[in-house]
1. Does the range 258-273 contain at least one residue that is more than 20 Å from R144 (Cα to Cα), touching a strand residue (DSSP E or B) at 6+ places or on another chain (Cβ under 8 Å) and modelled with pLDDT under 95?
2. Can you name the condition, by its number, that V309 falls short on among (1) β-branched (V, I, T); (2) open to solvent by less than 20 Å² (accessible area, probe 1.4 Å); (3) touching a Gly at 6+ places or on another chain (Cβ under 9 Å)?
3. Among the candidates R104, R54, R98, which residue alone is touching a helix residue (DSSP H, G or I) at 6+ places or on another chain (Cβ under 7 Å) and either at pLDDT 95 or above or buried (at least 17 other Cβ atoms within 10 Å of the Cβ) (or both)?
4. Which residues, taken from the range 280-321, are farther than 19 Å from K220 by Cβ, in a loop (DSSP other than H, G, I, E, B) and more than 20 Å from the chain's Cα centre (by Cα)?
5. Go through the range 204-226 and count every residue that is aromatic (F, W, Y) and open to solvent by less than 40 Å² (accessible area, probe 1.4 Å).
6. Can you name the number of the only condition in (1) closer than 29 Å to S326 by Cβ; (2) at pLDDT 90 or above that D35 fails?
7. Just checking, how many residues over the range 32-68 are at positive phi and in a helix (DSSP H, G or I)?
8. Which number in (1) open to solvent by 10 Å² or more (accessible area, probe 1.4 Å); (2) touching a helix residue (DSSP H, G or I) at 6+ places or on another chain (Cβ under 6 Å) marks the one condition that A82 misses?
Amino acid sequence: MRAGFVIGGIPSLGHSGSTLASWTIVESLLGAGHDVTAVLCPARYLLDETVPERVTALERLGADVRVVEVPDPGPVSRSRFARSLVAPADADLLPAARAADAVRAALGEIDAGMAFGIEAIAATAGYDRAPFLAVLSHPPGVPRRLRLRYDPVPRSVVARASELSFLAHANRRTARLLRGFASVGVFSGHHAEWARQHGVRAWYAHYPMPDVAGPDWREKRTAGHAEPGPPRILMIGHLRGIGTISGFHLFVPEILPALTRELGPDGFEVHLVGGQDPPAQFVEGLRHPAVRLRGQISSPEHEFFSAHVLLAPNPTTTGASARILSGLTFGSCVVAHTDSVVGIPELEHGRNSLMAADGGGLARLTLTALRDRELRERLGDEARALYESSFSPPVAAGRIVEELERLATA
C-alpha cells in the first residue's frame, strides 16, 4: 500500500505526545511493508533548530518526507476581518486549510491517506483522490475553553472578538469537515461519541505510545525506587501547557500544602519536568523545599523509574493524556484527576490507578500510595498491563494500520 501521512508537526521520539504517537504510526506502517509519504505542514512557531535533525530521523526510518509551508493569510481589511468573525472560512479558523493545494501535490499517488490532528484534517478535508482516515484527540474548542478558564490573559478587543468567534464556530466546523472523511479515529471515548452524534463515521482509537521503558521495566523500576532519599513524586508536561497549568490550580494551593503538613517540607520531593517556566501566578507557591524544577529532559526514563508516584492532577476534558500514557509504559503508580477518564476510559480507581475529583482527595491518595509499597507495585503492574493490552504499538498503531489497509482495498 502507498500510504500518505499528513501532520501539522514533525513525528519524532520526543517533544510531545503527538510527535511520539505519530512516529509510532509511521514506524508501524513501514514495519507492515507499506510505502509512506509523510507530508509535514508545521506552523511557523514549530520551525526551530531541531527540525532538520528530526526530518532526517524520519527519513532514516524509511519515510519519503515532504515539508509544506502554510501560506500567510495576506493583508486583512476591516471588512474581511468582520466577515471572518461572523461567517469564518475554514482558513480563518484552521490556518492549515490554506496549505490544501500544496499538500495535495506533495502526496502524489497514494492508495489511502491519514490526517493526524486538526491541522492535517483542515489541509486534507477536500482531498478526493484516495480515501482518508482522520485521527484527532478532541474538538479544537475544548482546549481553548480550558485556556480561558485556567490561564486567562489580558486581550485586546480584537483578540477577544477573534477568540469568541473561534469558540462559536470551530467545533461545528470541525464536525462538518470530519463528515467528509471515510473514517475517523478519536483518541477519546467521550469525544468519539461527540463525533458520532454529529454524523461522523467515528470510532474510539487507542493512542499509540512507543515502549520507551523496555522489556526490563520492572527491574529498572525496582532499582529506581531503591535510590536513597525521600519519596519522590513526578509531575511531567510542558509548564505552559493547559494540562499542566490546570493541574497547578489544584497542586499549588491544595495538594502541596497537604503533603507538607503530613510529611514535612523536607520529607518528600516533587520533580516538575517540562519546558518553559511556570506561569507567574504559581512561581511563589512552587518556591518550596520539596519542589525541583527539572526543565525539559530529552530522556525522562530515570525520572519515571525513580518516582514513587506519577501525579497528574489536571482537571481537563481533552483526549488521552500523554503524561499518563507514558506512566503506563513505565509501570508507574498513577494518581490522577477523575477527568482523565474522558481521554482514557480504561483507567479504573483502585485497579490500575488512583483517582480523585479535587485537590484534597488527590493529596490523600498520593499520601496513601507513598506509604504503601505493595499498593504502588500492584497499581504499577496493572498500569503496565493496560499499556500492553491497549496502547502498545502492535495493538494501538496496529489497529490504525488495519483501518488504512481496509480503506485502501474498499
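1. So far as the range 258-273 goes, no, none of its residues is more than 20 Å from R144 (Cα to Cα), touching a strand residue (DSSP E or B) at 6+ places or on another chain (Cβ under 8 Å) and modelled with pLDDT under 95.
2. Checking V309 against (1) β-branched (V, I, T); (2) open to solvent by less than 20 Å² (accessible area, probe 1.4 Å); (3) touching a Gly at 6+ places or on another chain (Cβ under 9 Å), the one that fails is (3).
3. R98
4. Matches in the range 280-321: R287, H288, P289, A290.
5. Looking only at that region, the number is 2.
6. If we test D35 against (1) closer than 29 Å to S326 by Cβ; (2) at pLDDT 90 or above, just (1) comes out false.
7. Adding up the residues that qualify gives 0.
8. (2)
The values are calculated or read from the model by the stated rules, or taken from the named source; none is laboratory data. No experiment lies behind these values; they were computed from the predicted model shown. Note that we place each Cβ from the backbone using ideal geometry, even for glycine, and neighbour counts take in every protein chain shown. Just the protein is used for accessible areas: all its heavy atoms, side chains included, with ligands, DNA and RNA removed. Shrake-Rupley method; radii C 1.70, N 1.55, O 1.52, S 1.80 Å.
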